[in-house]
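For reference, the structure discussed in these notes is given below.
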Amino acid sequence: MSKLDAPPSPCVRNCCLDQNDICLGCGRSIEEITRWGNASAEEKQEILEKARQRQEKRPYRP
């Protein structure tokens, strides 16, 4: 996968970190957010998968 195939940022402009430094908007950790710009396409896919799993485990809050 090349940089051209890299997924776009999952940022939804709802940046607020929880007590574990995980963004409530996109589900990425603060480390993953800061690393995103320099991450390879494969690393970005891994970050997205981890974020998706975190968001699925997050309790629903209206």
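The numbered conditions (1) assigned to a loop (DSSP other than H, G, I, E, B); (2) at pLDDT 95 or above; (3) not basic (K, R) are all true for W36 except (1). Within region 26-53, the set of residues being surrounded by fewer than 19 Cβ atoms within 10 Å (Cβ to Cβ), within 9 Å of the chain's Cα centre (by Cα) and small (G, A, S) comprises S29 only. I'd like to know if region 5-18 contains one or more residues that are β-branched (V, I, T) and touching a Lys or Arg at 6+ places or on another chain (Cβ under 8 Å). There is no residue in region 5-18 that is β-branched (V, I, T) and touching a Lys or Arg at 6+ places or on another chain (Cβ under 8 Å).
Could you please give the count of residues in region 5-29 that are part of a strand (DSSP E or B) and of a type in the set (V, I, T)?
1
In region 27-48, the residues that are of a type outside the set (V, I, T) reach residues that are assigned to a helix (DSSP H, G or I) and exposed (fewer than 12 other Cβ atoms within 10 Å of the Cβ) with C-beta atoms within less than 6 angstrom, at least six apart or across chains, in these pairs: A41/D5.
The values are calculated or read from the model by the stated rules, or taken from the named source; none is laboratory data. What you are looking at is a predicted structure, and each value in this text was computed from that prediction instead of being measured. Neighbour counts run over all protein chains shown; Cβ positions are idealised from the backbone, glycine included.
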